[in-house]
Amino acid sequence: MITLASDFGTPYPAAMKGVILQRSDARLVDIAHDFPRQDVRAAAFWLRETLPEFPPATHLVVVDPGVGTERAALAIEAGDHHLIAPDNGVAVPAARALTDAGTELAVYDLACDEDAVSNTFHGRDVFAPAAAEIHEAGSVADVARATPTAEWVDLTFPEPNLGSDGATGEVLVVDDFGNTVSNIPGRLVSDRDSVIVNGLQAPVRRSYAAVGDGERLVTVGSHDYVEFAVNRGRGDEAFDLAAGDTVELR
Amino acid sequence: MITLASDFGTPYPAAMKGVILQRSDARLVDIAHDFPRQDVRAAAFWLRETLPEFPPATHLVVVDPGVGTERAALAIEAGDHHLIAPDNGVAVPAARALTDAGTELAVYDLACDEDAVSNTFHGRDVFAPAAAEIHEAGSVADVARATPTAEWVDLTFPEPNLGSDGATGEVLVVDDFGNTVSNIPGRLVSDRDSVIVNGLQAPVRRSYAAVGDGERLVTVGSHDYVEFAVNRGRGDEAFDLAAGDTVELR
Amino acid sequence: MITLASDFGTPYPAAMKGVILQRSDARLVDIAHDFPRQDVRAAAFWLRETLPEFPPATHLVVVDPGVGTERAALAIEAGDHHLIAPDNGVAVPAARALTDAGTELAVYDLACDEDAVSNTFHGRDVFAPAAAEIHEAGSVADVARATPTAEWVDLTFPEPNLGSDGATGEVLVVDDFGNTVSNIPGRLVSDRDSVIVNGLQAPVRRSYAAVGDGERLVTVGSHDYVEFAVNRGRGDEAFDLAAGDTVELR
């Protein structure tokens, strides 16, 4: 199984699929191709939350603002999964989530023939062929052009500051519904009736429909983080929050 | 075969696919994941029109504004098809279309372990595992946590009033092109040259291109209902109609 | 393998998939269903660039502003590929790209039972069943309702004028990123440091990231044409260019 994730929209992902299907009859599953454009952090978050739901697979990830520059193409062995991605950190949080705690990531540099590839579509020319090759080989280490490397770009999400009377965190992402996901653990609010979010009081509820249409709520989202939402509306607008913003809970 | 339909956008549907693929190697087919947000009626219409095109399958449907409340999770046996959906009516018209006329719907309540699921993503935690389980079992009745129920939320579409000199109906949905689909049977206009729509005269034509670019027409759509359209334009805007609006044909 | 391409958005492509899956268990791969509405030329360009990446397949293409008129339904044998499309030229450039140079296209007219089809959704009623039938037969010539035809709508892209001190070409398409693709061969700029585009000087670079964020560049895109782009921005806006516009390079 090969999953595909990118910020390509259409129809570029289809070109990657054609390239893979020339080399493999793997099942293909799309993760998303509408990640926010060239937003490595947002893609990294969604991949960390989504890829662990899958059985062992090869995951092709192309969110690549540095395409055509010297940045390397990487393959990572992570448990029974393989990730292929540009060296900008986009696949690192997912790879950690798929790797046993305390185990170092096994990262490989994928050599590529510079003259055979375009400068602007490495998804088609570099990453898709590598994904097919690694899927067919069953491991990264068995692919000739993969060499172990200790030099790669890390990406981590900030930790919240948890105090006795609240917490200060950060908005990690806003989803398509407008639900605003922070990095504050859900357990901090799950037994409370309300909290103060950046000075604004809001009820804590277990479901969106527990408040009236258009009303704000704070809830524990499916990622086990504190989320800011509106029943049948957009939490990002109601709480005036965007990715990267600071959130103070009291 | 398992089909998937939701209003989730991306990347949440991919999490549902991962959950299914952990439990089954069923073929997966997307119906749509961009149904109008939390619009149970629109999704119910499209599912009724689309699912009967498929060979026997398990259909996973998650348009669920009541997620996390007491609303039940249902499975419906409908001919050779199975539908898994929240108990808000969203799958009922499709289930009826897949069931022999005059046969009662066979509806089951799916018990779920409240403590093992998030409150905001039952698509991943409740419906996707149930779809995989029912697909593998081959029937809803053979799934241990499914118990027959006679209590479930119905959803029907309004019938038009057909008179001797016209008809009064309702807009059921507007499609992505702006084509505006009413509940008035196409046979009422198919032998006419023009009709008056809410006081506005418009030609009846068999194809969009039978009128000039940007011009209004009334046609019999692929659902066999009267539709209001514009050649290479949007019928909803030209006729000033939205879902739920009344339409008088004379 | 059957690929699907249309301007249908959702959920109409799912109806086509259901129709195919009633008749075939072919692997289905989406090319795109969000081609610019009823824009035959844009779809023709993307198909020409994308379909040759695939192994032998049956390609179902429905961008069809003339649906319901007298325009024919065609099937084209192109190398080991089959294309099914309305007779408006949309599949012709791809068919040529898949056919050996100098070989005539083998085009067939698909008879269809007019009474059995809707007037507005030939994707479901005509093209999808034909794609399944041709896929199962393994060739167009073996399908009873296909008859060779020499009458079909051609579609070609304009050739640029290449002079000693520059070139005059045309914008073929703008992609989802805003990258603006001309018909001028990349080799004309690949050894230059800068060019003048419609009077505006811009650097020629091998990658987007070779200029600062928000800065213009000219590059050789993945289609081997000269493209006008902005690093982390939209080239169409920065160069004030849209599909069909003339581009003068000096």
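The values are calculated or read from the model by the stated rules, or taken from the named source; none is laboratory data. Bear in mind that the values here come from a model prediction, so they are computed numbers and not experimental data. All Cβ positions, even for glycine, are placed from backbone atoms using ideal geometry, and neighbour counts span all protein chains on display. All accessible areas refer to the heavy atoms of the entire protein, side chains included, with ligands and DNA or RNA removed. Shrake-Rupley method; radii C 1.70, N 1.55, O 1.52, S 1.80 Å.
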**Q.** region B:23-61, residues that are in contact (Cβ under 8 Å) with a residue 60 or more places away in the chain and within 16 Å of A:Val29 (Cβ to Cβ)
**A.** B:Arg23, B:Ser24, B:Ala26, B:Leu60
Q: Of the conditions (1) closer than 19 Å to A:Phe177 by Cβ; (2) away from chain A (no Cβ under 14 Å); (3) surrounded by fewer than 24 Cβ atoms within 10 Å (Cβ to Cβ); (4) among the small types (Gly, Ala, Ser), B:Gly66 clears all except one; give me its number.
A: (2)
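More than 28 Å from C:Ala229 (Cα to Cα) and over 18 Å from the mean Cα position of the chain (by Cα): is that true of A:Arg23 in this structure?
It is true that A:Arg23 is more than 28 Å from C:Ala229 (Cα to Cα) and over 18 Å from the mean Cα position of the chain (by Cα).
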Q) Within region A:177-208, which residues are open to solvent by 60 Å² or more (accessible area, probe 1.4 Å) and under 22 Å from B:Asp7 (Cβ atoms)? A) A:Arg205, A:Arg206
Q: Look through A:Ala43, A:Ala5 and report the one residue that is assigned to a helix (DSSP H, G or I), closer than 22 Å to A:His135 by Cβ, within 11 Å of chain B (Cβ to nearest Cβ) and within 19 Å of the chain's Cα centre (by Cα).
A: A:Ala43
**Q.** Test for B:Phe177: is it at pLDDT below 95, aromatic (Phe, Trp, Tyr) and under 21 Å from the mean Cα position of the chain (by Cα)
**A.** yes
Q. Of everything in region C:9-36 that's touching an Asp or Glu at 6+ places or on another chain (Cβ under 8 Å) and either within 18 Å of C:Val171 (Cα to Cα) or away from chain B (no Cβ under 14 Å) (or both), which residue is least open to solvent (accessible area, probe 1.4 Å)?
A. C:Phe35
**Q.** Any pair with Cβ under 9 angstrom, 6 or more apart, that starts in region A:215-228 at a residue that is touching a residue at least 60 places away in the same chain (Cβ under 8 Å) and ends at one that is part of a strand (DSSP E or B)
**A.** A:His223/A:Leu172; A:His223/A:Val181
(Q) I'd like the full set of residues that are part of a strand (DSSP E or B) and open to solvent by 40 Å² or more (accessible area, probe 1.4 Å), limited to region B:209-232. (A) B:Arg216, B:Tyr225
Q: Could you tell me whether B:Arg96 is more than 25 Å from A:His223 (Cβ to Cβ) and under 19 Å from the mean Cα position of the chain (by Cα)?
A: yes
